[in-house]
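Novice: Below is one structure. I have some questions about it.
Just so it is clear, none of the values below were taken in a lab; they were calculated from the coordinates. In this text, all values refer to a predicted model and were calculated from it rather than measured experimentally. Note that we place each Cβ from the backbone using ideal geometry, even for glycine, and neighbour counts take in every protein chain shown.
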Amino acid sequence: MPENQVAIKVTNLAKNFKVYYDKGRSLKDVILFRNRNRHDVRQVLKGVTFDINKGEAVGLIGHNGCGKSTLLKLISGILYPDQGDVKINGRVSSLLELGAGFHPDMSGRENIYINASIFGLSKKEIDARLQDIIDFSELAEFIDNPVRTYSSGMYMRLAFSVAINVDAEVLLIDEILAVGDANFQAKCFSKLQEIKAKGTTIVIVSHSLSQIEQFCTRSIWIHEGLIKADGIPIDVHSQYLEYMNELREKSGDSSLEIPAEYLAYMQEKRYKENLRLSMTSEQQAEIEKNKAFRWGSGEVQITSISVTAGDDKECRLFEVGTDVYFKVKYKVNKPIYDAVFGIGFFRNSGENLYGTNTRIDNYGKFDITEDGEFTIIIRNINLMPDQYTVSFSIEYGQGIPVDYWKDALKIDTFTSIMDVGGFRLNHDWEFKGSKELEGNGGK
Amino acid sequence: MSRLKEIFEYRQMITSMVRRDLRGRYKGSVLGFMWTFINPLLQLLVYNMVFSIILRAGIEKFYLYLFVALIPWLFFSASITGGSVSIISQKDLIKKIYFPREVIPISYVTAAFVNMMLSFIVVLAVSFASGVRPTVGGILCLPVIMIVEYIMALGIAFISSALTVYFRDLEHILGIIAMAWMYATPICYPESYVPEKYLSLYRLNPVTPMVNAYRDVLYYGQTPDLKNLGLATVIGVVTLLIGVLVFGKLQKHFAEEL
């Protein structure tokens, strides 16, 4: 790779931190207790070497304290290395802290200037970006109000908008994609994709492996101050997760930090593998398409769901107030124990209307050792006319999904009654003192 | 040199920080920015009461004598004491964001300097109203004196802000030093009060030639002694160079010491 293609060149980088037993730094401590002020030197990075090429998006992973955040700070220039060096080609912007230098009493607009100037932008550069920043933050109507009147979500939106519009050639990001509401997050993510497409070099430190897989072309696993693996994210991550799992099993300490995300990730992976073994290629393609809606470890799989009004006829349209039968068939790849069956109803907008499972409904746990089925009967379905999506789940143990099928099917409801709202509440009328004229008494 | 270029690239940050400091200072008060002018006027009033009515010093127009030296001194002492905590008070920025660390003390001293210049509007007005007619040479020298003072204050702020990160007691020690320094400088008394045998020691004070230069222009209405001014300039430049070197050396570990 020619030298000018390298955006970040890290050579034999090492960093020590002093760990004080008792951080006494006052005059008295220094003079009277010279010996007390002892410290250990902990080597956080022990000689790391790698190149990152222009336009690469790289994820740094590793467990807490492995040195990945320190590495990011060394690259950004916040920390100085004890050994080795970092060479960077182009302007760096680090999204390690959002809203740096914000002054609560100043307006959003003034704070854009302060914050952007801390990233090293000149007045002219800020002027040129001001409109983009305001547009991206969606805060145009509040931009001249003091920042202290903002909600924390608005505050983060403004801060992120500045940081993302710096136009650096190298962008360093530390766990900050969790800003604002889901909409704004999606917007940030697509903005990052856009920045990546423009050829910006991006380095992300994140705990979310799936986020890195979605976004990065390369993953570097830092372990105890050294690079343990470096390559395509999926490969590096599976090595990493296997290692973490071994570590946990070896220590027998289930409390050892393994984020739920890792578990879900592993289960999803295993599930996909299992499914692939037993499916035609068309089915596989279908599953790929729907993977966002179905996950689980895959020991038991739902094979079919039939919806009827209690007879044998498949039906998707029901009158409000009638009974609906959901019959779910499943097959067993591997027996599971302590299983729970569940169902959930959602609006098209994603709002959860109702959900329950056999544990909530006071059934015992089920051992599933052979293929079978379960039926749930919704009596007098009272969802008002609309389309609804229904999800099904089989899980076991502490809620570990075996097959979670979100939005497995849709049903519609209708009614000839003119009442309004989301649900039909079971009701009666009673009257006293008023006299009903020419009616049929509610009949 | 590359460091200097980088600081120049971050000039907008310096501007923003100075503006934030000045605007934030009187934010929320009824008189707001007017305090920049009212404050020195009220101080003048107090000093006038004390030294013209109670402690009669026997110096003509003593309030002015004091005032033209005190305003520059207040800037200088703010640069020592406030400057010393400037890095510590911005630790969130320093731990999380990269920028040339020099920006912080520069911004702090510059904000204090701008504040002094605004106060000087009052000083000039009072001086003129008291019948002092500065010479053309004096007027030309005034910006030079200010710049020399700025350079010296910046040099000291570099040193004190960097050292305080590693040795927090310095903040309090510097408070006392600043007070002692004020009385070791001819601010509220003339140099002639100092006993002969201490005079050579007394003259080592680098601030004295500066204060004398201010007083020459704004109290005596004469052109300052250029030799005096030249000496102050040399001292200022040397202080700044030492400051830059010390700061450059110490700033590498700021992020982990804070």
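Novice: Counting only other chains, what is the mean number of Cβ atoms within 10 angstrom of the Cβ of each residue in peptide B:15-24? Walk me through the intermediate numbers first.
Specialist: Working: counts 5, 12, 4, 0, 6, 10, 1, 0, 4, 4.
The mean count of partner-chain Cβ atoms within 10 Å per residue comes to 5.
Novice: Ranked by Cβ crowding within 10 angstrom, fewest neighbours first, how are A:E194, B:E256, A:E56 ordered? Please report the intermediate quantities before stating the final value.
Specialist: Numbers: A:E194 11, B:E256 16, A:E56 20.
So the residues, fewest neighbours to most, are A:E194, B:E256, A:E56.
Novice: Gap in Å between the Cα centre of segment B:37-86 and the Cα centre of segment A:305-364?
Specialist: 83 Å
Novice: Can you pull out the trypsin sites (Lys or Arg not before Pro) in segment A:67-155 whose DSSP state is coil and whose Cβ has at most 15 other Cβ atoms within 10 Å?
Specialist: Sparse-neighbourhood loop trypsin sites (Lys or Arg not before Pro): A:R91.
Novice: Along the charge dipole of segment B:143-258, Cβ charges K/R +1 and D/E -1, which of B:L218, B:I151, B:G230 sits furthest on the positive end?
Specialist: Comparing the listed Cα positions along the dipole, B:G230 ranks first.
Novice: How far, in degrees from 0 to 90, does helix B:35-49 lean away from the longest principal axis of the Cα atoms of chain B, to the nearest 10?
Specialist: Helix B:35-49 and the main axis of chain B meet at about 40 degrees.
Novice: Charges at C-beta only: +1 for Lys and Arg, -1 for Asp and Glu. How large is the resulting dipole of segment A:134-242 about its Cα centre, in Debye rounded to 20?
Specialist: 60 debye
Novice: Averaged over A:75-86, how many beta carbons belonging to a partner chain fall within 10 Å of each residue's beta carbon?
Specialist: 3
Novice: Give me the extension gain from A:K191 to A:K250: residue separation times 0.36 nm, minus the current Cα-Cα distance, reported in nm with one decimal.
Specialist: Length gained, A:K191 through A:K250: 17.0 nm.
Novice: Would you calculate, for chain B, the mean residue ellipticity at 222 nm contributed by helices, counting each DSSP H stretch of 4 or more residues as -39,500 (n - 2.57) and dividing by all residues, to the nearest 500? Could you put the intermediate results ahead of the total?
Specialist: Numbers: 13 runs with 187 residues, N = 258.
About -23500 deg cm²/dmol.
Novice: Moving to a separate point now. Would you mind calculating the gained length between A:S107 and A:K46 on full extension (0.36 nm times residue separation, minus the Cα-Cα distance), in nm to one decimal? Please report the intermediate quantities before stating the final value.
Specialist: On the way: separation 61, 0.36 × 61 = 21.96 nm, distance 4.51 nm.
Result: 17.5 nm gained on full extension.
Novice: Compare the Cα positions of B:I14, B:N48, A:S238 along the charge dipole of the protein assembly as shown (+1 at Cβ of Lys, Arg; -1 at Cβ of Asp, Glu; about the Cα centre) and return the one farthest towards the positive end.
Specialist: It is B:N48, whose Cα lies furthest towards the positive end.
Novice: Explain nothing, just the number: dipole magnitude of chain B about its Cα centre with +1 on each Lys and Arg Cβ and -1 on each Asp and Glu Cβ, in debye rounded to the nearest 20.
Specialist: About 480 debye.
Novice: I've got another one for you. Calculated FRET efficiency, B:I139 and B:M34, Cβ-Cβ r, R0 22 Å, to nearest 0.05?
Specialist: According to the calculation, E is roughly 0.25.
Novice: Could you tell me how far the Cα centroid of segment A:195-233 sits from the Cα centroid of segment A:52-130, in Å?
Specialist: For segment A:52-130 versus segment A:195-233, the Cα centre distance is 17 Å.
Novice: Mind checking the dipole of segment A:348-387: about its Cα centre, +1 per Lys or Arg Cβ, -1 per Asp or Glu Cβ, Debye to the nearest 20?
Specialist: Its charge dipole is roughly 220 debye.
Novice: Taking the dipole about the Cα centre of the protein assembly as shown, with the C-beta of Lys and Arg at +1 and of Asp and Glu at -1, give me whichever of B:I71, A:N440, A:P335 is farthest to the positive side.
Specialist: Comparing the listed Cα positions along the dipole, B:I71 ranks first.
Novice: Next question. Please give the average number of partner chain Cβ atoms lying within 10 Å of the Cβ of each residue in B:95-108, rounded to a whole number.
Specialist: So the per-residue partner count for this stretch is 4.
Novice: Then there is this: Once you've got the GNM for chain B with C-alpha springs shorter than 10 Å, pick whichever of B:V122, B:V234, B:V30 has the biggest mean-square fluctuation.
Specialist: B:V30
Novice: Okay, moving on. Please work out the C-alpha center-to-center distance from segment A:366-443 to segment B:160-225 and express it in whole Å.
Specialist: 85 Å
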